[in-house]
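A quick write-up on the structure given underneath.
Nothing in this text is a laboratory measurement; each read-out follows from the coordinates by a stated rule. From a predicted model like this one, the values you see are computed outputs, not experimental measurements. Here the Cβ positions follow ideal geometry from the backbone for every residue, glycine too, while neighbour counts run over all protein chains shown.
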Amino acid sequence: MLVNEDGKTAAPETKSFEPKIVAFCCNWCSYAGADGAGTARKHYPANVKIIKVPCSGRVNPLFVLRAFQKGADGVILCGCHPGDCHYMTGNYYTRRRLTLLMSMLDYLGVAKDRLRVAWVSASEGARFAEVMNDFTAHIASLGENVKLRDMRCRK
Amino acid sequence: MQKIGVFVCWCGSNIAATVDVARVVAAAKGIPGVAFAADYKYMCSEQGQQLIADSVRQYGLNRIVVCSCSPRMHEKTFRACAERCGVNPYQVEIANIREQCAWILKDKEQATRKAIALMKAAVAKVQLDTPLQPGESTVVKRALVIGGGIAGIETALDIADAGYKVDIVEKEPSIGGKMAQLDKTFPTLDCSACILTPKMVDAAQHPNIRIFTYSEVEEVRGFVGQFEVDIRKKARSVKADICSGCGICTTKCPSRKADSEFDAGLRKRGAIYIPFAQAIPKVPVIDRAHCLKFQTGKCGVCSLVCPNKAIDYTQQDEIVTEQYGAIVLATGFDLLDLKHFGDLGWGRSKDIITSLQLERLTNAGGPTEGHLVCPSTGRQPKKVVIVSCVGSRDTSGRGKTYCSKICCMYNAKHAMYIREKYPDTDVTVFYIDVRTPGKGFDEFQRRAVEEYGVHYIRGLVGKVDVHKDGTLHLTASDLNSGRQLEMEPDLIVLAAAVTASPDARKIAGLVTASIDNDGFYVEAHPKLRPVESPTAGIFLSGMCQGPKDIPETVSQAGAAAVKAIGLLSKDKLLTNPCTARCNEAVCSGCQSCVKVCPYGAIEAVEKTVITLEGKKEQRSVAVVNEALCQGCGACTVACPSGAMDLKGFSNQEIMAEVDALCW
């Protein structure tokens, strides 16, 4: 069972709060978009750390929950724009799976806007940086996430 | 035992200026399993790769992490390096500390901390990497070229000359594309038809080339080396094998309402038509939307006059299915629809035309047989204004933000056409900048000014008024002198922006090629792989990749052909080993994976499996066909029992990365 460890809502925001943000990026569009942001020297915060996946459809909702469980303050999933998936239909599955996951996040004790899905194409380097800046600012305003703990492991 | 080597690249100063590489190395050395860590100025260089090879030998490394640029850049390089020194190439991971770290951050402390985090995630993943062996697949020795303009023709000829079969699919009734519409080409001012039409004939007569005109690609299946393509041959309503191309039908057709596409709307054509005299194939097409026979049932004149009885009103579209090893996209370009440029008078006067229309007006094969006239009066213009950058370099949203690249040169060309033939006609070109890089290009533009006396005014045309009597009044500003200018030209030529072909997006979807916001195809790498799409087996030729002139288009077409030939010349291709794998002991045979697989690569097979308890059991389980699997991983998430996993991106590996990054 996943519950909040301290039963409280978000911890008080401190100046030194550096949100941990995991970004899953598909190999064909968004990872290339992130490269584009780098090539164009578009700044986005160091908090965002990217994990490359072949397709946004490879992202199991369990990966997202694992990130929250391990202390991520925000998770963002980026894929090709609908209709542009390299594997034809991957991002449609992602869209449905993540919609479902979002509807359950509140129930699991995670504010649902800590998870975001954004479509960024290979040519949208500037947009990638914009999306990451915006998401990081949003997560920073939400404050620290409460860690999900597996109570079975507690003594 | 795992022995991981971590190699941190400086990338000259690209990484080292922002990331403290020594600290990354020090952090790597503290991770259990890391047997060696070092930094070097250019890890991708020969010396850098030698350092990796030497360390593998000296420390017995069996896994490698390279902290460097994007894997899209040099993953291949480092995998090949690993393979040469006996490490499985799929036990190499790249931490992207250049694009994702050094280049986006200014603060050295932040960048270094992020680089260490990315390095740790890569180490966490590499620890779980299993050795993978790529499979093999065969290559169909035939290429498909989509688009029959100069780019497509050139690519097809080059591939065919190398001894491979090529098919060209062209949606229009004839090959030739936009170049066939042009009068002359810059910077040599040689006749466009004289250089293009022999190529069209070469393509039509080449034993290795088949041409499908008036046809479109309907469906693409398969993958590199083995594409299966459905081509829709639209009904011409004319039997191509019987038609002699005499053209009597086109002259007798009573319907004269349709605008001639080839003459850019300056002339009407019949409902049955051959686009232009040198068309290949020289077989007419019935435009059913304008044909009286199809619309009212009465008429049938073409059928009556045809000496060969080639007209067939009952002809149906035909679908041809063919196999290809490589596909070259050569879908070309279009011109921006100027509907938002009413301030320049677009749509309000016949004497405000596009540059392409001017080409038709000066072309001997055009509607006026090459006599430049004002379309409204039929009289020769005495004062012509050419406006550059109509919709190019436009940030207002009604045009395109990019430079269309060819307009400055063709504006100079058009001005020269006019001044050469009609020395008493005054030509003024309004421009923002004149951009003429290219061999002999700047000299060409200067000739227009110095020898032909064309007026170049740096400035913007603010407004064009059309008076009741049809005369034009133009208001512009001269940016160099700061004066307002008023002019009454007889003819205004708008250099409309180049746009991607509207079909490019549809075709991108069919072949899963990447496309940018403007509809141009994205190349795999702008410098290292400029004629390849990121999708394997898809190549880019000509304007479909971005604005370019004819010399550049032809060079790119040749480059795309070489890349396609390189692929076709292989008998076997190594397949991506990062495919789905089913743990049969856990698989329940529910077939959820079968349903989500876009490639039909999974099927349920009845077989004997050994369960987790070690018992033998006869049941249905999912079996992955590795030749078809493209490794998207959709099945891995759909699988309710967790039996499906993806090699190279396994659940465990991604979880390990998550754990490392969230630590």
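Assorted remarks:
- Radius of gyration and Dmax over the Cα atoms of segment B:620-663, both given in Å: 12.4, 41
- Length released on extending from B:VAL586 to B:CYS194, taking residue separation times 0.36 nm less the Cα-Cα span: 134.3 nm
- Restricting segment B:565-621 to GluC sites (Glu not before Pro) that sit in a DSSP loop and have at most 11 other Cβ atoms within 10 Å of their own Cβ leaves B:GLU613.
- Alpha-carbon geometry of chain B: the Rg and the Dmax are 30.7, 98 Å, given in that order.
- DSSP bridge orientation in segment B:217-321 - percent antiparallel, rounded to nearest 5: 100
- Take each residue in A:67-73, count the other chain C-beta atoms within 10 Å of its C-beta, and the mean is 4.
- The ranking of B:TRP10, A:TRP119 by Cβ neighbour count inside 10 Å, starting from the fewest, reads B:TRP10, A:TRP119.
- Kyte-Doolittle at least -0.5, axis length at least 15 Å by Cα - qualifying DSSP helices, chain B: B:108-128, B:150-161, B:192-205, B:550-568, B:651-662
- Here the protein assembly as shown is described by how far its Cα atoms reach on the three principal axes: 96, 69, 54 Å, from widest to narrowest.
- Binning the C-alpha pair distances of segment B:4-128 at 5 Å intervals from 0 yields a P(r) profile of 2, 13, 25, 27, 20, 9, 3, 0 %, listed from the shortest bin outward.
- Sorted by Cβ neighbour density within 10 Å, fewest at the top, the residues B:THR436, B:THR636, A:THR99, B:THR155: A:THR99, B:THR436, B:THR636, B:THR155
- In the calculated pair-distance distribution of chain A, the portion above 26 angstrom amounts to 26 percent of the Cα-Cα pairs.
- Annotation: the residues A:MET132, B:MET200, sorted from fewest to most other C-beta atoms within 10 Å of their own C-beta, follow the order B:MET200, A:MET132.
- For segment B:248-305, the fraction of C-alpha pairs farther apart than 15 angstrom is 44 percent.
- Each residue of segment A:90-103 was assigned a 3J(HN,Hα) from its phi angle through the Karplus expression (A = 6.51, B = -1.76, C = 1.60, θ = phi - 60°), giving x, 6, 5, 4, 4, 4, 6, 4, 6, 4, 5, 4, 4, 5 Hz with x at Gly and Pro.
- Within the protein assembly as shown, DSSP assigns beta bridges of which about 45% are antiparallel (rounded to the nearest 5).
- For q = 0.10 Å⁻¹, Debye-computed log10 I/I(0) when each Cα of segment B:216-333 counts as one equal scatterer: -0.39
- Its relative contact order, with pairs defined as Cα atoms under 8 Å and 6+ residues apart, puts chain B at 13 percent.
- The mean sequence separation of alpha-carbon pairs under 8 Å and at least six residues apart, normalised by the residue count of chain A, gives a relative contact order of 41 percent.
- Using θ = phi - 60° and Karplus 6.51 cos²θ - 1.76 cosθ + 1.60, couplings along segment B:537-543 (whole Hz; Gly, Pro as x): x, 10, 10, 10, 10, x, 4
- Where both bridge residues fall in segment B:335-499, DSSP classifies roughly 40% of the beta bridges as antiparallel.
- Extending 7 Å from Cα along the Cβ direction at B:VAL449 and again at B:ILE432 yields two label points whose distance is 1.9 nm.
- Karplus 3J(HN,Hα) series, Hz, for segment B:91-97 with 6.51 cos²θ - 1.76 cosθ + 1.60 (x for Gly, Pro): 10, 10, 10, 10, 9, 7, 9
- With Cα atoms, 0 to 90° folded angle of helix A:30-39 axis to chain A main axis: 80
- Relative packing of B:209-215, B:136-142, B:502-508, which averages over residues the other C-beta atoms within 10 Å, highest first: B:209-215, B:502-508, B:136-142
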